[in-house]
Amino acid sequence: MKAVGIIAEYNPFHNGHKYQIQQAKQTTGADIVIIVMSGNWVQRGQPAIIDKWQRAEIALNNGADIVIELPVQAAVQAADIFAKKAVEILSKFHCEWLAFGSEHPELDFEELAKKDLSNSNFINNDYKKSYASLIREAIGGITGKDISDPNDVLALNYAIANNKMEHHMKLVPILRNGSNHHDKDLNHDIKIASASSIRDAIETNRIDETTDFLPTGYDKTVFNQICSWNDFWPLLKYKVTTSSIDELENIYQMNEGLEYRFKKFIYQANTFDEFISLIKSKRYTYSRLRRLCVYTLLNWKKDDDLGSQYARILAFNKFGNGYLNHIKKDIKLPIITKIDKHLSENELKFDVNAGKIYESINNRKQDVGKHPIIY
């Protein structure tokens, strides 16, 4: 049995994601599709619109055979860390291929990943530029290639991480079909919209407008209880308000006096978006600041060990189960299917704590005692 791996957030799952799974399987001839998916907090520092169990089940209904949760301490990170950990999990599950969306699939990401960036702007500490800008300048200066679109940036990071794996996967770039990553409008002339535009429609009570962009049979009642930063804003405000400057300074990645900006503007802001706008400067991207808000809310400290050496299975079907039974003796990674008290206080404490915060808003049990969804 051969598997193709996909790294995803499915926030929420839509026709473009189903198309990617279909193309990955068709292009490679894989028997199994393994998804490594962010949990309840996603890479750009936002709560997922619906929880990981709902998203995992939808993925299972639309072509996935196994869904593995990307630990929160890897999911809410800059692109290089996010990519490294997700690729590592798929590699250790012996995926033959790594499939991903790309705005320019004709680019040779394998070759680009081998370029020496040691003398480029990529490794400097120019915080006035986004990660995407730094990597674009580095690759552009060496090769003349423009790597600036969001999926291309992630694709290059997947390739860089894949090159460092003991089990090397074949890269399968798939053309991003339909709308662009950050498009906010729903274009009914095409059946694939961006996750951003679908989220915007759901959050503004326009769920009926999303029908064309969701797979057939999609149960839209999952959107009856959605989450956004607006829901967590009172919790963040309480955390910042009741923490001392020293306590805030000790938060993971709270650097260069940002604790003072947090303390200053938390009293002036009435909403999360207003708070982010007030603390924003040329030095930091919005994604970087939203991630820092997640770290603050979840109380990650600078001396915390954020490493993770496990794979938590959220969902699988009979084909996925057959694959797991076939390779489980060769997987050099603990496989977790149920969280008990010991795991919740040790190896999985970051995931469990993140789940408790999320659970306080969506009122659905997230971790301790939960079993994988099995079809």
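The table that follows gives values for the structure above.
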| item | result |
| --- | --- |
| Space enclosed by the convex hull of the alpha-carbon atoms of segment 1-107, per residue, Å³ | 100 |
| Leading residue at positive end of dipole, the chain (Cβ point charges), from 155, 354, 100 | 354 |
| Test item: Cα-centred dipole of segment 195-281, Lys/Arg +1 and Asp/Glu -1 on Cβ, debye | 220 |
| Residue 252 accessible area, assembled protein chains, probe 1.4 Å, Å² | 40 |
| The chain, dipole about Cα centre (Lys/Arg Cβ +1, Asp/Glu Cβ -1), debye to the nearest 20 | 520 |
| Helix-only [θ]222 nm of the chain, DSSP H runs n ≥ 4, -39500 (n - 2.57) each, per residue, nearest 500 | -12500 deg cm²/dmol |
| Share of carbon and sulfur in the accessible heavy-atom surface of the chain [1.4 Å probe, %] | 47 |
| Rg ratio (alpha-carbon, reference 2.2 N^0.38 Å) - the chain | 0.96 |
| DSSP beta bridges in the chain [antiparallel fraction, %, rounded to 5] | 25 |
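The values are calculated or read from the model by the stated rules, or taken from the named source; none is laboratory data. All values derive from a computational prediction rather than experimental measurement. When we count neighbours, we look across all protein chains shown, and the Cβ atoms used for this are built from the backbone with ideal geometry, even at glycine. We work out accessible area using only protein heavy atoms, side chains counted, and drop any ligands, DNA or RNA first. Shrake-Rupley method; radii C 1.70, N 1.55, O 1.52, S 1.80 Å.
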